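See structure below.
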Amino acid sequence: MPAKRVKTILSYVLILAAGLGIGSSVPYVVNLVKPAYATGDYSAYYPDEQSNVVLYGTNSCPYCIQARAYLREHNIAFIDRNISDSDQSNRELAQLGGKAVPVILVGERMLTGFNQDHLDAALAAAGRIARP
């Protein structure tokens, strides 16, 4: 095989590897700069004053399943809004600006995705658990 062809193939392989590396690292970088939560008055989404944890999700989303399991394991009462089964829940999620699930409302915080540390901090700020 001529040396020029080997260099060309090697160049393509390096470009492909660089593209894959950049593409796979972008989500991690976005998560580093993205705020952990949004704050606001979410009281309209709570059915009563005692229920200040609401989870919007689906039954097939692995992160929704993890979030539900975590809340149940820690005996945190929450309202489970399945957007696959309820048009009303789907509309509420859209009103919140949610584009991915799970979206978890805890007091004055709205978390997107399941991150145990962020959820613990939100639950502590809402007085649902002791400070982590």
- Query: Mind checking which residues of region 51-84 are open to solvent by 60 Å² or more (accessible area, probe 1.4 Å) and among the small types (G, A, S)?
  - Reply: S60, A77, S84
- Task: Quick one: which residue in A130, A69, A122 is closer than 14 Å to A36 by Cα and either modelled with pLDDT of 95 or more or among the small types (G, A, S) (or both)?
- Result: A122
- Query: Does region 85-114 hold any residues that are touching a residue at least 12 places away in the same chain (Cβ under 8 Å), open to solvent by less than 60 Å² (accessible area, probe 1.4 Å) and assigned to a loop (DSSP other than H, G, I, E, B), and which are they?
  - Reply: G98, A100, V101, P102, G107, G113, F114
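The values are calculated or read from the model by the stated rules, or taken from the named source; none is laboratory data. A quick note: this is a predicted structure, and the numbers were derived from the prediction, not measured. When we count neighbours, we look across all protein chains shown, and the Cβ atoms used for this are built from the backbone with ideal geometry, even at glycine. For accessibility, only protein heavy atoms count, side chains too; no ligands or nucleic acids. Shrake-Rupley method; radii C 1.70, N 1.55, O 1.52, S 1.80 Å.
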